[in-house]
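Asker: Here's a structure for you.
Readers should treat all values here as calculations from the given coordinates under stated rules, not as data from a laboratory. A quick note: this is a predicted structure, and the numbers were derived from the prediction, not measured. Virtual Cβ from ideal backbone geometry, glycine too; neighbours counted across all protein chains shown.
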Amino acid sequence: MLKGIAITGSGSAVPATTLDNQLLTQLVETSDEWITTRTGISQRRISLPTESLSILATTAGKQAIAAAGITAADIDLILLATSTPDDLFGSACRIQAELGATKAVAFDLTAACSGFVFGLVTAAQYIRTGVYQNVLLIGGDILSRWVDWQDRRTCILFGDGAGAVVLQSNESDRLLGFSLKSDGTQNHYLNLPYHGSAQELSPGINVTKGTYHPITMNGKEVYRFAVQKVPEVIDKALFQANITIDQIDWLILHQANQRILNAVAERLNIPEHKVISNVANYGNTSAASIPLALNEAVQQGKIKPHDIIATSGFGAGLTWGAAIFQWGR
Ligand code: UT7
């Protein structure tokens, strides 16, 4: 039985509607100059009410399946990393139906902006234990639904999208190392919280009725956390993989802020030409950002078979993690 894993195909999808910095200046007191210099973001894609996470994720998933050279009927497991499902019970099963992945078991996984890296490692465990052979991992989010469009500290950052990869059992194990972390004591720095008020059912028995409230973030603390913890966790994953920093061909970080990408690369001594970035065009797309950047780089012919990629996700939870893998079989 094959017990290694390979990442054999990728895909991505973004909504057609673009929201540029200039447009944001009509909503909040900000400027293109502030947003560009503090974040590197020029524009982001926004889902219209007629669009959905399931549609974006299905499109990305279809591309990844085709790129891997298999069919939806071959998929054993669909993992949807998201914090913004169309249905709180999960959206993975809707995607399974849309894809016609009849034999696949499907479920959602929530780890915010770390969701793709956590999903990658989760998928790998099922393959390494011989339980499944073909896994579709999708990272997707529609954070525009949950942004406070009057809060200039957050509304300038986020965008919508989905990215996907297919992982398959393989003779050689291309997942070389990983490390995953959580620290709930810092949970209050980044939230999309449920708020409700008591509704009395009968004397002494109350239930809560409410909804989720827009994203709140302490940007400075999250920035500080990312710049410190991401290089550490990449170092841990590299140590586990038994490879050195100069052997890395590409660094694909969660696309949160260009300044974070630059600071992490600098701390790790990774030259600029190895850093993949598309944050200028899409903003922070949460669980989608890594597979979106990965797929673009594959499409552009930058990433070639057996290139060594270091990836790291970080965000709400707080959660963070890194994986070192080689592209292709
Ligand atoms: O995916 C999850 C991970 N999330 C992140 O990685 C986010 C990490 N944090 C960041 O990227 C940065 O902290 C931000 C981009 C969110 C903010 O950048 P900053 O350099 O930390 O700015 P700041 O929050 O310290 O704000 C500096 C000033 C403040 O004014 P005062 O108090 O100095 O007068 C803000 O009120 O900039 C002001 N400000 C703005 N001004 C114009 C905040 N947002 C804006 C804005 N336009 N959009």
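Asker: Among LEU23, ILE55, THR39, whose Cα sits farthest toward the positive end of the charge dipole of the stretch 1-59 (+1 at Cβ of Lys/Arg, -1 at Cβ of Asp/Glu, about the Cα centre)?
Answerer: ILE55
Asker: Round to a whole angstrom and tell me the spacing of the C-alpha centers of the stretch 1-41 and the stretch 146-218.
Answerer: What the calculation gives is 17 Å, centre to centre.
Asker: Same structure again: Taking N as the number of residues in the stretch 4-175, what is its alpha-carbon radius of gyration divided by 2.2 N^0.38 Å?
Answerer: Working: Rg = 17.5 Å, N = 172, 2.2 N^0.38 = 15.6 Å.
It is 1.12.
Asker: Now a separate question. For LYS304, list the lysines whose Cα falls under 28 Å from its own Cα; do not include residues on the same chain fewer than 8 positions away.
Answerer: Cross-link targets: LYS3, LYS62, LYS236, LYS274.
Asker: Tell me what the chain gives for mean residue ellipticity at 222 nm when only DSSP H runs of n ≥ 4 count, each as -39,500 (n - 2.57), the sum divided by the residue total, rounded to 500 deg cm²/dmol. Display every interim value, and only then the final one.
Answerer: On the way: 9 runs with 99 residues, N = 329.
Mean residue ellipticity, 222 nm, calculated: -9000 deg cm²/dmol.
Asker: If you don't mind, another one. Mind checking which aspartates and glutamates have their Cα closer than 12 Å to the Cα of LYS302? Skip sequence neighbours fewer than 8 apart in that chain.
Answerer: By straight Cα distance, LYS302 reaches ASP249.
Asker: Equivalent-ellipsoid semi-axes (√(5λ), Cα gyration tensor) for the stretch 11-93, whole Å, largest first? Mind showing how you got there, number by number?
Answerer: On the way: eigenvalues 217, 45, 24 Å².
Square roots of five times the eigenvalues give 33, 15, 11 Å.
Asker: Same structure, new question: Give me the compactness ratio for the chain, meaning the Cα radius of gyration over 2.2 N^0.38 Å. If you can, show how the numbers build up before the last one.
Answerer: Details: Rg = 19.4 Å, N = 329, 2.2 N^0.38 = 19.9 Å.
My calculation over the Cα atoms of the chain gives 0.97.
Asker: If you take the alpha carbon radius of gyration of the stretch 126-280 and divide it by 2.2 N^0.38 Å, what ratio comes out, to two decimals?
Answerer: On the way: Rg = 20.3 Å, N = 155, 2.2 N^0.38 = 15.0 Å.
The reported ratio for this selection is 1.36.
Asker: Just name one of ILE138, GLY90, TYR126: the one whose Cα is farthest towards the positive end of the charge dipole of the stretch 4-175 (beta-carbon charges, Lys/Arg +1, Asp/Glu -1).
Answerer: Value: TYR126.
Asker: From Cα coordinates alone, what are the radius of gyration and Dmax values for the stretch 222-329 in angstrom?
Answerer: Rg then Dmax for the stretch 222-329, in Å: 12.7, 37.
Asker: Quick one: putting +1 on the C-beta of Lys and Arg, -1 on the C-beta of Asp and Glu, what dipole do you get for the stretch 4-175 around its Cα centre, in Debye to the nearest 20?
Answerer: Working: 11 positive and 17 negative charges, 46 e Å.
It comes to approximately 220 debye.
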